[in-house]
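Read through the structure below, which is laid out as structure tokens, and then see the notes.
The values are calculated or read from the model by the stated rules, or taken from the named source; none is laboratory data. Because the structure is a prediction, the values reported are computed rather than measured. Ideal geometry is used to build each Cβ from the backbone, glycine not excepted, and the neighbour counts take in all protein chains shown.
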Amino acid sequence: MRAAVALLHDHVPLRWTSRDHAELARLGALLARGGIACDVLDGASDEGHPWCAFGPAGSADVFAHFARIDGRYVVDWPGSPGAVLVEDLCAAVDRFLAAAFPGGHGRARFLRPTEAED
């Protein structure tokens, strides 16, 4: 399975830093290495806050949403107790990965359909 991971920035001027872009690319690479094909969209809110959403390739679903609001980073995913607010994007990505891959390995908990859905 080929993962399509590209930040789209032809329609909205982005305000992610170079470090933020690198961190989002790291997440995309980790997902691809795990065999998870995903689409990545990003943009800016009406207030100018950058956001980025990861979802299964070819689907409108989202399994991780990141944003930077007033200098702090927010991440949310299905099943999270609520949005997580942290000081840097690396910490936000790490929180998401810890929830998606409990124990640091094995099949992602909410990134793929369950066996029962097959």
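Points to keep in mind about this one:
- Residue list for the stretch 36-58, filter: closer than 19 Å to Ala98 by Cβ and at pLDDT below 90: Ile36
- The single condition among (1) in contact with a helix residue (DSSP H, G or I) (Cβ under 9 Å, 6 or more places away or on another chain); (2) surrounded by 15 or more Cβ atoms within 10 Å (Cβ to Cβ); (3) not basic (Lys, Arg) that Thr17 does not meet is (2).
- For the stretch 51-68, filtered to residues that are touching a residue at least 24 places away in the same chain (Cβ under 8 Å) and among the aliphatic types (A, V, I, L, M), the residue that is surrounded by the fewest Cβ atoms within 10 Å (Cβ to Cβ) is Ala57.
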